[in-house]
């Protein structure tokens, strides 16, 4: 895979497409992140994408993104200065300069926004993230598995409010930041799990900006059958092709929760797939049969263009394809499954890798 070294108008749309797919329905609307990033590079120039191997060992990396309900992010936009306030407070807390920003999650808008913040403060964005996808809760990060402390952490909003947290662990960071995001109006910008470059080399999912751009390029370059090209690129299983016949969605406690039902069409006629949602698509069920489950990735795509559809934009009547594909290996370890496996979301289903479930189908 060719590594991306710069983000500009030529590859930001590809990044947005890739982040939308890796976001498994969550991470915020990628169109919002794309527009903010395009505006930032128009004002400040291209964004440098740094490889962790090229940064100093003791340099401070700032993971960052938005916290809150994706439905809110469609209408409640930031002003672009959130990253400046986060960086300033983090440097004051740690007593060291930040050498690079990093996406907390590569999915959705959160995979793009740190780049737009980085260029505003004159820093690179790291070709890595803390998930390799999107997850709904703050401590569901590879840094948590590696034993990196989440605190002190910082939140801000578009008004200029800044809040610092010193919670006892990642779960309490999640609880406190979720409350503040609701008070901010449903979402806020945050930075947690600050770490050195040396720590980041072993505690993150690397080359995910390059991966997202590559996924977006596959869609751009597919002259026909973009869905087939994407499935081949991701080694994904197509769970169903059909029509969205029911969506139940509610925004509560800083999350979007609900479900969606897809009725099969064509060769899949007579089948119905149900998706369970908490910001992201977490479980795919066909009747009582498990077809895919977190931490593997489940994405809903437009059946013609293969463009991802976020959970907040799912609507009755959409013709879609649902695909599932393997997560980063870190999430299949005992520590990863404990943190972000089915039981972490209250499901009684055992984790079964998607490739095994697909082989059984």
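Since every read-out is calculated from the coordinates, none of them should be taken as a lab result. Here the structure is a predicted model, which is why all the values come from computation and not from measurement. Neighbour counts are summed over all protein chains in view; Cβ atoms, including those assigned to glycine, are modelled from backbone coordinates with ideal geometry.
Of the residues 172, 117, 331, the one that moves most in a GNM of the chain with alpha-carbon contacts below 10 Å is 172. For region 223-360, a/c is not less than 1.5, where a ≥ b ≥ c are the root eigenvalues of the C-alpha gyration tensor, and a/b does not top b/c. That puts it in the oblate class.
Look at where the Cα atoms of region 161-214 and of region 241-281 average out, and the two centres are 28 Å apart. Of the labelled figures [x] 20.0; [y] 23.1; [z] 28.5, only one reflects Kirkwood radius over Cα pairs in Å as derived from the coordinates, namely [x].
With both residues required to sit in region 6-209, DSSP beta bridges show an antiparallel share near 65%.
Taking a ≥ b ≥ c as the square roots of the Cα gyration tensor eigenvalues, region 6-209 comes out rounded, since a/c falls below 1.5. Among 307, 137, 286, which one shows the biggest mean-square fluctuation in a GNM of the chain, springs joining Cα atoms closer than 10 Å? The residue that fluctuates most here is 286. Within the listed set 348, 157, 129, the residue fluctuating most in the Gaussian network model of the chain (springs between alpha-carbon atoms under 10 angstrom) is 348. Remark: 91, 43, 82, 356 ranked as 356, 43, 91, 82, counting other beta-carbon atoms within 10 Å and listing the fewest first. Summarising the label geometry, the points placed 7 Å from Cα in the beta-carbon direction at residue 75 and residue 274 lie 3.0 nm from one another. Remark: spin-label model distance residue 225-residue 338 equals 4.5 nm, labels positioned 7 Å along the Cα→Cβ axis.
Over the chain, dividing the summed -39,500 (n - 2.57) contributions of all DSSP H runs of at least 4 residues by the number of residues returns a 222 nm mean residue ellipticity of -9000 deg cm²/dmol.
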